[in-house]
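Just below is one structure, and these are the notes that go with it.
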Amino acid sequence: MKGIDGIPSLHLIALNKLISKLPKAPTMFFSNLFPTAKAESDTIMWEIEYGSAGMTPFVAPGSIAPAIGTDGIGEASAKAAFMKEKMYFDEEFLNNMRQVGTFATFQTAQRKLAKGLQKLNYRVDRRREWMMAKMLIDGSLTYTQKGGTKFTVSYGVPSSHLVTLGTDYKWGTGTSRSPMSDIMTGKTVLRDDAGVSLEKCVLNSVLLKVLLLDSDIQGLLKSSAFGDGNLFSNPSQVLGTLLGCGDIMVYDEFYEIPANLIANVTGGSSTVIYVDDASDFEVGGTLRFHDYSSAARSSYEDETITAVDAQAGTVTVATAPTASFTANEDVVTMKKKYIADNKFFMFSTTGADGQKAAEFMEAPYGVDRRWGKFVDRKVEWDPEGLWMRVQDKGLPVMYNPDTTYTITAT
């Protein structure tokens, strides 16, 4: 393989120009709601305010103006989260990128490069979206810091804004359920605590179905102007109008967490699964076992996750899979929606002062202080090839924690 300096497409300037022009991963809802800003260091600092709907007082002419301070607890700080990933391109691919007189081959290699970069780019976008969703919906975020330690940021969302319904009040099954009352309570809490009006409601299709089939909501729809079939042709708009939420956002996007098996899984007996990285798996998720020895790599089994131990690198499932799976060959994955099947999320994107309630702060990294996504590369000598790497560093922050309200509804 000749030197990569002779391949213009692999120059760092070209690679970073390309990734800056790539579109964001589709429907990154939470990431697109709030702006991005640059932090001065990897220690992110931000002001937290609870409510801010005060008024300037009357004072006598010629007197000293009274001073005001920040409403709430003041300043918070946390270390930025660092993320990176790489992809390998072999010697044959790199030589085809510079082969003279083979325009078609060159174009194929260029497309492969662009697809590889786009994949890396999308994966960073999904991680950012995951961070924003965790902050907004759960009120906290856990990530890995230097040395492999886990760190949790709690954003100070009041406990009265994180509501878990009791058994009798659960939507769809509770004997005393009342979704409309629960949503009205949330609107009142946002108004009284943050001084804001409800701007958006978010849920996924599973919880939307629960609401559509609720007997109280069905009764109201029958006696309203929406009883003519509009409910099922445009359910989010109809429900949003009925519940006073505006257009309800139905958000079904998901992310996938892969891990390599590092110990054999014995069919019928193994419930504790050893993987190379268990940090992003979650209790209640579905662990899918993929058999990579099958020709089409399409053979799999699904089991429910009951426990996760990131330090030990284990994921425990409720029932052992029927088949056996091989260490260092087969993999497991978990698909998870950004908003869970049981969450109804209500919020305003601004505080009472009209400023954005949250932001994604990009932190500097590298000796030349880079912000945001950055592509670099490293040549391998034997066998010859090239690693392409994408890095990013930052942390979402919430300035007005009382502008969100989450109902765990089922």
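Please find, among T185, T152, the residue that is assigned to a strand (DSSP E or B) and of a type in the set (S, T, Y).
On the way: T185 fails: assigned to a strand (DSSP E or B).
Result: T152 is the single residue among T185, T152 that is assigned to a strand (DSSP E or B) and of a type in the set (S, T, Y).
Report whether or not T304 is in contact with a strand residue (DSSP E or B) (Cβ under 9 Å, 6 or more places away or on another chain) and closer than 30 Å to I248 by Cβ. Outline the logic, then answer.
Working: in contact with a strand residue (DSSP E or B) (Cβ under 9 Å, 6 or more places away or on another chain): yes; closer than 30 Å to I248 by Cβ: yes.
So T304 fits the description; yes.
Quick check on the range 257-275. Is at least one of its residues modelled with pLDDT of 90 or more, in a strand (DSSP E or B) and under 25 Å from I137 (Cβ atoms)?
The first filter runs over the range 257-275 and keeps only residues modelled with pLDDT of 90 or more, leaving 259-275.
Subset that is in a strand (DSSP E or B): 259-261, 265, 272-275.
Still in the list and also under 25 Å from I137 (Cβ atoms): 259.
Within the range 257-275 (the criterion being modelled with pLDDT of 90 or more, in a strand (DSSP E or B) and under 25 Å from I137 (Cβ atoms)), the answer is yes, since at least one residue qualifies.
For the range 329-349, state whether one or more residues are of a type in the set (A, V, I, L, M), farther than 30 Å from N264 by Cβ and part of a strand (DSSP E or B). If you could, list the steps in order and put the result at the bottom.
Start the filter on the range 329-349 by keeping residues that are of a type in the set (A, V, I, L, M), which leaves 331-332, 334, 339-340, 346.
Applying the additional criterion that residues be farther than 30 Å from N264 by Cβ yields 339-340, 346.
Now narrow it down to the ones that are part of a strand (DSSP E or B): 346.
Yes, some residue in the range 329-349 is of a type in the set (A, V, I, L, M), farther than 30 Å from N264 by Cβ and part of a strand (DSSP E or B).
For the range 141-167, which positions are under 23 Å from D277 (Cα atoms) and either buried (at least 20 other Cβ atoms within 10 Å of the Cβ) or in contact with a helix residue (DSSP H, G or I) (Cβ under 7 Å, 6 or more places away or on another chain) (or both)? Let's see the steps before the verdict.
From the range 141-167, those under 23 Å from D277 (Cα atoms) are 141-153; that's our starting set.
L141, Y143, V153, listed by residue number.
If I ask for residues that are under 12 Å from F325 (Cβ atoms) and surrounded by fewer than 12 Cβ atoms within 10 Å (Cβ to Cβ), which ones from the range 270-314 would you list? Let's see the steps before the verdict.
Just the residues of the range 270-314 that are under 12 Å from F325 (Cβ atoms), to begin with: 270, 273-275, 287-294, 299-301, 303.
Within the range 270-314, S293, S294 qualify.
Taking the criterion of being modelled with pLDDT under 95, surrounded by 15 or more Cβ atoms within 10 Å (Cβ to Cβ), in contact with a Phe, Trp or Tyr (Cβ under 7 Å, 6 or more places away or on another chain) and acidic (D, E), would at least one residue in the range 332-345 satisfy it?
Checked the range 332-345: no residue is modelled with pLDDT under 95, surrounded by 15 or more Cβ atoms within 10 Å (Cβ to Cβ), in contact with a Phe, Trp or Tyr (Cβ under 7 Å, 6 or more places away or on another chain) and acidic (D, E).
The values are calculated or read from the model by the stated rules, or taken from the named source; none is laboratory data. Given the structure is predicted, the values throughout are model-derived calculations rather than measurements. Heads up, the Cβs are rebuilt from the backbone with ideal geometry, glycines too, and the neighbour counts pull from every protein chain shown.
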